[in-house]
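Everything below concerns the one structure shown next.
The values are calculated or read from the model by the stated rules, or taken from the named source; none is laboratory data. Bear in mind that the values here come from a model prediction, so they are computed numbers and not experimental data. Every residue, glycine as well, gets a Cβ built from its backbone with ideal geometry; the counts of neighbours run over all protein chains shown. For accessibility, only protein heavy atoms count, side chains too; no ligands or nucleic acids. Shrake-Rupley method; radii C 1.70, N 1.55, O 1.52, S 1.80 Å.
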Amino acid sequence: MNDTIHPEAQPFMPKQAYSRREFVTTTLATGFALAVLPDAQATVINTPLDGLVAGEVKIPVAGGDMPAYRAMPDGAGPFPTVLVVQEIFGVHEHIRDVCRRFAKAGYLAVAPELYARQGDVSKLPDVKSIVDTVVSKVPDAQVMDDLDKTVAWAKGTGKAATDKLGVTGFCWGGRITWLYAAHNPKLKAGVAWYGRLVGEAKPPITPRHPLDVVAELKAPVLGLYGGADNGIPNDTVEQMRAALKTAGKPSEIVLYPDMPHGFHADYRPTYRKEAADDGWKRLLAWFKQHGVN
């Protein structure tokens, strides 16, 4: 297997490339991550599989095969393509259902398990354990390359119209959405749900953050944020807005008043149906406006 780094990943690369690792996670976990089960809500959305082709797939990436969840309409295609980037809880049932929602809307959606080399977060008991044990060890450069490989895999199936490519992500994946929009010149649009915008540079894992790459954005991003998010202060959202305006980038940020972090996560107490539904409608309209349809 060719383990060379994709040239477009270079802006996010540390001086020394991330080390090759064996895959710790070789298949997707079922259900919800252990860390969210104590707070799981009865509001969980379960999108039916009728009319869809959905399930686990394997994506060839540096070091092995990465598990992923793919959903698409049951038809010839090719379909506009969306990368769905996980929360810190990995590709558990909520992220898989988001893929099915996209498939119902006519997309091929794929969510790669981007922590597969570092660990299985589905069995860790709490957020701190997940961050300390796994998430803090996942290099941005690795993620960029894995997403590129996911696009290449999707194109190779003959079912994906990767010239109509979008990306969306939640929490950890929201931050990655901004970074990927600065990374891939073939991306049409992104939608970031409450992804962190600023932070301390910690090479080689997280050398830069969304605010640092505004000038390099290659696709318009719609940011969906909560005004009562304890982890993403409103002033950082305003910093991002100002930076986007200064750079002349056609991205937008919606700040929902009084909404907490995770307002789209229907399985958690933070879920707010009105804001979640509005955000989803905005996402579909944003993708349509920018050619991901």
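Remark: accessible surface ordering of 165, 52 (largest first) is 52, 165, probe radius 1.4 Å. What share of the DSSP beta bridges in the chain is antiparallel, in percent to the nearest 5? Among the beta bridges of the chain, antiparallel pairing accounts for roughly 40 percent. Three principal axis extents describe the C-alpha atoms of segment 92-131; from largest down they are 37, 19, 12 Å. Taking residue 128 as the anchor, which lysines have their alpha carbon closer than 19 Å to its alpha carbon, excluding any fewer than eight residues away along the same chain? Once the sequence-local lysines are set aside, what remains near residue 128 is 137, 202. Computed from the Cβ-Cβ distance with R0 of 30 Å, the FRET efficiency linking residue 278 to residue 23 stands at 0.20.
Suppose a student asked you for the relative contact order of the chain, using Cα pairs under 8 Å spaced at least 6 residues apart; what percent would you report? After rounding, I find 18 percent. For segment 113-246, what class follows from the C-alpha gyration tensor (a ≥ b ≥ c being the square roots of its eigenvalues): rounded when a/c is under 1.5, otherwise prolate if a/b is larger than b/c, else oblate? Oblate, since a/c reaches 1.5 and b/c is not below a/b. Given axes a ≥ b ≥ c from the Cα gyration tensor, I'd like to know whether segment 112-184 is rounded (a/c under 1.5), prolate (a/b larger than b/c) or oblate. It comes out prolate by the Cα gyration axes. These residues, 99, 171, go from largest to smallest accessible area, 1.4 Å probe, as 171, 99.
Out of every Cα-Cα pair that segment 238-293 contains, those further apart than 17 angstrom amount to 52 percent. The ellipsoid that matches the Cα gyration tensor of segment 181-293 has semi-axes, each √(5λ) in whole angstrom, of 22, 19, 13, with the longest given first. Within the set (1) 22.8, 65; (2) 17.4, 49; (3) 18.6, 59, the number that Rg and Dmax of the Cα atoms in Å takes when calculated for this structure is listed as (2).
The alpha carbon centroids of segment 113-130 and segment 66-85 are separated by 24 Å. Computed over the chain with a Gaussian network model linking Cα atoms closer than 10 Å, the most mobile of 247, 152, 68 is 247. Farthest toward the positive end of the dipole of segment 237-293, out of 248, 237, 260, is the Cα of 248, where the dipole comes from beta carbon charges about the Cα centre. Ordered from largest to smallest accessible area (heavy atoms of protein chains, 1.4 Å probe), the residues 45, 253 come out as 45, 253. Over segment 61-155, one equal point on each Cα, no solvent: what is log10 I(q)/I(0) by the Debye formula at q = 0.14, 0.15, 0.16, 0.23 Å⁻¹? With no solvent term, the Cα-only Debye profile gives -0.52, -0.59, -0.67, -1.16. Across the options 207, 55, 75, the greatest Cα extent toward the positive end of the charge dipole of the chain (unit charges at beta carbon of Lys, Arg, Asp, Glu) belongs to 75. With point charges of +1 on the Cβ of Lys and Arg and -1 on the Cβ of Asp and Glu, referenced to the Cα centre of segment 66-188, which listed residue (173, 125, 157) lies farthest in the positive direction of the dipole? So the residue furthest toward the plus end is 157.
Under 27 Å of direct C-alpha separation, and excluding same-chain neighbours fewer than eight residues apart, residue 281 reaches these lysines: 104, 155, 159, 164, 186, 188, 218, 245, 249, 273. Averaging the sequence gap over all C-alpha pairs within less than 8 Å and six or more residues apart, then dividing by the number of residues, gives segment 193-293 a relative contact order of 25 percent. Based on C-alpha pairs under 8 angstrom that are at least 6 apart in sequence, segment 87-135 has a relative contact order of 42 percent. Over segment 173-239, one equal point on each Cα, no solvent: what is log10 I(q)/I(0) by the Debye formula at q = 0.14, 0.24, 0.26 Å⁻¹? So the normalised log intensities work out to -0.39, -1.07, -1.20.
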